[in-house]
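Reviewing the structure listed below.
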2 protein chains.
Amino acid sequence: MDNSVGIVSAQRAHFDTPLELKSGAVLPHYDLVYETYGMLNADKSNAILICHALSGHHHVAGVYADEPKNVGWWDNMVGPGKPLDTNTFFVIGLNNLGGCHGSTGPSSQNPATGHPYGAAFPVLTVEDWVESQARLADRLGITQFAAVIGGSLGGMQALQWSLSFPARVHNVLVIAAAPKLTAQNIAFNDVARNAILTDPDFHGGDYYQHHTVPKRGLRLARMLGHITYLSDDAMANKFGRELRHGKVNYGYDIEFQIESYLRYQGDKFAGYFDANTYLLMTKALDYFDPAHDFEHDLNRAFARAQADFLVVSFSTDWRFAPERSREIADALLHNHRNVSYAEITSAHGHDSFLMEDEQYMAVMHAYLERVAKELK
Amino acid sequence: MDNSVGIVSAQRAHFDTPLELKSGAVLPHYDLVYETYGMLNADKSNAILICHALSGHHHVAGVYADEPKNVGWWDNMVGPGKPLDTNTFFVIGLNNLGGCHGSTGPSSQNPATGHPYGAAFPVLTVEDWVESQARLADRLGITQFAAVIGGSLGGMQALQWSLSFPARVHNVLVIAAAPKLTAQNIAFNDVARNAILTDPDFHGGDYYQHHTVPKRGLRLARMLGHITYLSDDAMANKFGRELRHGKVNYGYDIEFQIESYLRYQGDKFAGYFDANTYLLMTKALDYFDPAHDFEHDLNRAFARAQADFLVVSFSTDWRFAPERSREIADALLHNHRNVSYAEITSAHGHDSFLMEDEQYMAVMHAYLERVAKELK
């Protein structure tokens, strides 16, 4: 593969210092699984942290030696000559705490019981993740990131970096994100959560001991999620009212292609993702609201930010529409931050942030070239 | 109650002539439950048929003697002096075939087995409903309706009346409807259906014999439905990010008011609605596509319509947005039909068609006054 970082492998960092969470709960110790691409320079100034979204993980770029088809989820963005140029930057992808790809999460062993945490795993917030990510940075000797970057829920973490650790991040790239969820956003999350919570195989979150998996609920959650990730137009263009077998069959099996797509995506996801992680991720989304402690004034919330910012939105994203990104940009400008804002015309809805789009890539390239120049 | 039709009672019509459905299936005999308000005039020219939407029924206006709080679902529209003025019109509301409010449906006894139909109840289409409604009109001696009227799925039935029986309907009022569902519309329906179909209590549709009710699935379907009935703005205004108990509790119980609302609505609905009827109604929505047999040309599809039309849409309806109503109006105008089109500025999304809104009421009033004048 041209411009691939090539074969990569995951690493594991163990943390023994208890992590006090925003909820008041404490994780006595935990692991974070991560991957790195490129080389950390001598003064450790070229590191970029990638924060993942709801279903993401640490495998951002490249492939594994024993899984040559398992390409990282943002491989189009990370590699030699790509926007996150691994000839220049030392790029880190991690699996968030609470995840289900190796970092400590609900399926990990609870030291207090010897069984998987399950329902006992604490609910996490974006702030908690940023705290845990800062500890990983400490471990790697990184005092300040050249950039922290993320899309969707990952964008919220990037934004939180500028608030939790203003001096530790030089640039923040916030893509397809919002400063908080709307009632409608929360509503969709709550339907997804209820699909899982009411699945008889969920067993109050302790399904591991029951040797069940709440696949029905997780499948529904993912089907619903997909509708909100795609634009109405993208669905119309890709599927329209096309029938799978050319004619309706007057029954409840798959008839329309869109049904086939959604059910397939739902089944696939339910086969590998952990339901408790899904719940936890959606809650972190719901809770994120940096203006909450500032009388709902985003301008005041961002007063302590010191970074430079790139804010990117996509025209057909109705999950986190361009207006939501502009709220972020406006509040940052109010605080005299350097803010670049790009609204990309794209047909792919919220999913656009993962897609190869010429204008989007050009914007990312240009901004990160500037970041690279600042390193010299 | 001022302007109420007062105490009403439901009637039942039994039909022995087998009904051949679009699917090819045949219902050997069936009942339709209906209510009427006002008096049929001597030449039987003042009848208005109201077609209901997904969760509607025949109890459109007034109250029952033994249930004085059970007010009909469109009581603001039907009564003396109201837009559907019962001093002038003879108004009919019926429960659609396949429904769960008295008309023959999946929970009715299947004459072939002596058990409830369940999964054996045939899938119905909008065309089938219109056919069954025409038979009810025959029974009541109504050759031509002064108007057929409906919102959402009811609007599709009203539209279909002008195509199935062009000479039998003088005016058609199509409110908050679309000429066909988009891929996104179908996708939402399919998630709702899958919630029901995969509920362990569904038993392939034959839950009546298992003495179970797929409440979990039906509850999720309704929660999801509600999101699509309300506008983003209406949700923001009504609920925003307001917390039920003033603070987050870092758990999966109800935290935000919007969650409380949705779960309450879901629970209530799951307590009385039949899951098989829900499935069947969503399928009828998916299938409706009058342009399908005309090479997807809506202009050609509407060539046979003879009625006059009122088409109404609501500015914040994102389920069937104003553009979708304009498709209907445009195709009718192409065929030189008399078409009035009103786009009502309303905050309530798709649900607006059920709401009391001054401009909406005025439009309905004005149009139906004209219909009344034509009677003389």
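A few comments on the model shown:
- From B:71, B:91, residue being surrounded by fewer than 20 Cβ atoms within 10 Å (Cβ to Cβ), within 19 Å of residue B:9 (Cβ to Cβ) and of a type in the set (A, V, I, L, M, F, W, C): B:71
- Listed by position, the helices (runs of 4 or more DSSP H) enclosed by the stretch A:217-288 that each have at least 2 residues that are facing chain B (nearest Cβ under 10 Å) and acidic (Asp, Glu) are A:232-238.
- When the residues of the stretch A:193-251 are filtered to those that are out of contact with any helix residue (DSSP H, G or I) (no Cβ under 6 Å at 6 or more places or on another chain) and basic (Lys, Arg), the one that is surrounded by the fewest Cβ atoms within 10 Å (Cβ to Cβ) is A:247.
- Out of A:171, A:189, sole residue that is within 30 Å of residue B:221 (Cβ to Cβ), crowded, with 20+ Cβ neighbours inside 10 Å and polar (S, T, N, Q): A:189
- Residue within the stretch B:292-300 that is part of a helix (DSSP H, G or I), more than 20 Å from the chain's Cα centre (by Cα) and buried (at least 16 other Cβ atoms within 10 Å of the Cβ) present: yes
- Subset of the stretch A:352-368 (residues that are part of a helix (DSSP H, G or I) and in contact (Cβ under 8 Å) with a residue 24 or more places away in the chain): A:352, A:353, A:354, A:360, A:361, A:363, A:364, A:365, A:367, A:368
- Candidates A:23, A:55, A:45, A:4 - the one that is touching a residue at least 40 places away in the same chain (Cβ under 8 Å), closer than 29 Å to residue A:189 by Cβ and either more than 20 Å from the chain's Cα centre (by Cα) or not assigned by the TED database to the domain that holds residue A:130 (or both): A:23
- A search for C-beta distances below 6 Å between a residue of the stretch B:188-204 that is within 7 Å of chain A (Cβ to nearest Cβ) and small (Gly, Ala, Ser) and any residue that is crowded, with 24+ Cβ neighbours inside 10 Å and assigned to a helix (DSSP H, G or I), counting only pairs 6+ apart in sequence or on different chains, returns B:195/A:220; B:195/B:217; B:195/B:220; B:195/B:221.
- Filtered by the rule that a residue be over 20 Å from the mean Cα position of the chain (by Cα) and either closer than 13 Å to residue A:251 by Cα or outside any loop (DSSP other than H, G, I, E, B) (or both), the stretch B:117-132 gives B:118, B:119, B:120.
- Summed over the stretch A:13-30, residues that are among the polar types (S, T, N, Q) and more than 23 Å from residue A:92 (Cα to Cα) total 1.
- Strands (runs of 3 or more DSSP E) within the stretch A:1-111 that include 3 or more residues among the aliphatic types (A, V, I, L, M) and more than 28 Å from residue A:209 (Cα to Cα): A:47-51
- Matching residues in the stretch A:162-187 - criterion: being hydroxyl-bearing (Ser, Thr, Tyr) and facing another protein chain (nearest Cβ under 7 Å): A:182
The values are calculated or read from the model by the stated rules, or taken from the named source; none is laboratory data. Because the structure is predicted, anything quoted here is derived from the model rather than measured. Note that we place each Cβ from the backbone using ideal geometry, even for glycine, and neighbour counts take in every protein chain shown.
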